Amino acid sequence: MFFLLLSSPAWAGEGLFWIDEHVAVSGDVITFGEIATPRNSEAEQYWSDIKDTELWRAPNAGQRIVLDRARVQERLEVTLGELAEASIIPREIIFQRGRRVLDDDKLERMVRDYIGPKVTSQGERIEFRDFRMPSPIFLENPYEEVEIESVRDPGPGRNSLRFVVRDGHGEVVRRHTGNVFVDVWVTVACAERPLNRGDVIEPGDVRFEEKNLAYIRREVWDGESGPWRIRSSIGQGQPIYKRHLEPVPMVSRGAKVDMVYEGNHLTLVVPGEVLEDGQRGDRIMVRNMQSEKEVRATVESSGRVTTR
C-alpha cells in the first residue's frame, strides 16, 4: 500500500507514530502496524489505512535482523510517502521471529517487582539504578515465560540476576544474565564529633543520619544500647559500627581501688591502682600502692578488688 499526502502536512515535525526498537515478528512479512504505535488521536485517523503496509520480509526462525535509522526512514518514505516524516525512529531496530519481546522497560519493571518486596523491610527508601539488562529477550511462542532468579538473596548493592526462559512444560530453553544496583537508605547512628579510642559515648556524641546500606558492610550500632566505649576511632559523620564499640569497663586502667586481701583469719584493705581494664568477675593486674607489688585480683565493684 502506498500512502501519499499531497498538501502540506499540519503535523510536520510533531511525530504521530512511535517506532519500536525491538520487534517480535510472527508472520512472513513485517508490517507497519508491527513496528509502530499511534501517539495521539490524530495518528489514529491514519492508522487503519497504513497499519497493514508491508515493509520487509520477516527473518527466518532464529535469525535476527538489525536495521539502522537511515534504512528504516528510506523504506518508510517509499511505502508511506510524506507520512514517513511523522514517525519517530530509534537509532536502530532489531527484528526476530517470536510472539513477544521483552525490552529494557519491561525487564526493568520485572526486576523492580522481583527485588522490591525482598528489600523493602531492609530500609526506609529503596532506589534502583544502573540496570544492565539482556535486552531484548524474544519469546518464540505463546507458551514461553520468563522467570527471574538471583545469584544471592537480593539486597543493597549490586545484584546479579538470571533471566530463565521456560517453555510450556516448564523446561528451561534459554538463560540470560543481567544485574542492577539497589540503594537502600536507612537512618543510622553516626558520630556527631570525631570519637577516639577510649572515649565513652555520651548522648551528645551521636546524631542520626540517612545512609545507604549499599556502602555499609558491617552491622551498625542501634544508637541506644550501652554504655559503650570507643574501641577504634570514628570520623565525624561516619556510621558507628558495633565493631567500633566495647562495653565500658567496671574498672579502668589507672583507677584507684580498695585492694582487699582475704586470708583464713584476717582481712586486710590497702589502696591499689588498676593496671588493666576489667568487668565484674574479671581477674586483672593491680598494684599495691603501699608495697608496690603487682598482684592479680578479682573485680568486685567499681571501687573494690579482692585477692587471696
With a/c under 1.5 counting as rounded, go ahead and sort the stretch 114-203 into rounded, prolate or oblate using the C-alpha gyration tensor (a ≥ b ≥ c being the square roots of the eigenvalues; past the cut-off, prolate if a/b is larger than b/c, else oblate).
prolate
Three-way shape call for the stretch 203-308 based on the alpha-carbon gyration tensor, with the a/c threshold at 1.5
prolate
Cα-centre dipole for the stretch 181-235 with unit charges at Cβ (Lys and Arg positive, Asp and Glu negative), debye to 20
300
For the stretch 279-296 and the stretch 31-78, what is the separation of their Cα centres, given in Å?
90
Length-normalised contact order for the chain - Cα pairs under 8 Å, 6+ apart - percent
10
FRET efficiency (LYS242, MET289; Cβ distance; R0 45 Å; to 0.05) is 0.75
Accessible area of the chain with a 1.4 Å probe: how many percent of it is carbon plus sulfur?
45
Using the alpha-carbon atoms, what tilt in degrees (0 to 90, nearest 10) does helix 41-50 show relative to the longest principal axis of the chain?
50
Using unit Cβ charges (K, R positive; D, E negative) and no other charged atoms, how large, in debye to the nearest 20, is the dipole of the stretch 137-272 about its Cα centre?
720
Taking LYS256 as the anchor, which lysines have their alpha carbon closer than 22 Å to its alpha carbon, excluding any fewer than eight residues away along the same chain?
LYS293
With label points set 7 Å from each Cα along the Cα-to-Cβ direction at PHE128 and ARG112, the distance between them in nm comes to 0.6
Let's see if you can work this out: charge +1 on each Lys and Arg Cβ, -1 on each Asp and Glu Cβ, no other charges. What is the dipole magnitude of the chain about its Cα centre, in debye to the nearest 20?
1780
Helix-only [θ]222 nm of the chain, DSSP H runs n ≥ 4, -39500 (n - 2.57) each, per residue, nearest 500
-4000 deg cm²/dmol
Dipole axis of the chain (+1 Lys, Arg; -1 Asp, Glu on Cβ), positive-most option in ASN212, PRO249, GLY62
PRO249
Given the candidates ILE50, VAL146, SER302, the one whose Cα lies deepest towards the positive end of the charge dipole of the chain, counting +1 at each Lys or Arg C-beta and -1 at each Asp or Glu C-beta, is SER302
For ARG296, solvent-accessible area (1.4 Å; no DNA, RNA or ligand), Å²:
110
In what sequence, highest mean first, do 137-148, 256-267 appear when ranked by Cβ atoms within 10 angstrom?
137-148, 256-267
If each of SER48 and GLU149 carries a label point 7 Å out from its Cα toward its Cβ, how far apart are those two points in nm?
4.9
Rounded, prolate or oblate: which fits the stretch 29-186, taking a ≥ b ≥ c as square roots of the Cα gyration tensor eigenvalues, rounded meaning a/c under 1.5, else prolate when a/b beats b/c?
prolate
With x for Gly and Pro, the residue-by-residue ³J(HN,Hα) of the stretch 200-215, computed from phi through the Karplus equation 6.51 cos²θ - 1.76 cosθ + 1.60 at θ = phi - 60° and given in whole Hz, is 8, 6, 9, x, x, 7, 10, 9, 10, 10, 7, 10, 8, 5, 4, 10
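The values are calculated or read from the model by the stated rules, or taken from the named source; none is laboratory data. Please read these numbers as outputs of a predicted model, since none were measured by experiment. As a convention, Cβ positions derive from the backbone with ideal geometry for all residues, glycine included, and neighbour counts pool all protein chains shown. Ligands, DNA and RNA are excluded from the accessible area calculation, which covers all protein heavy atoms including side chains. Shrake-Rupley method; radii C 1.70, N 1.55, O 1.52, S 1.80 Å.
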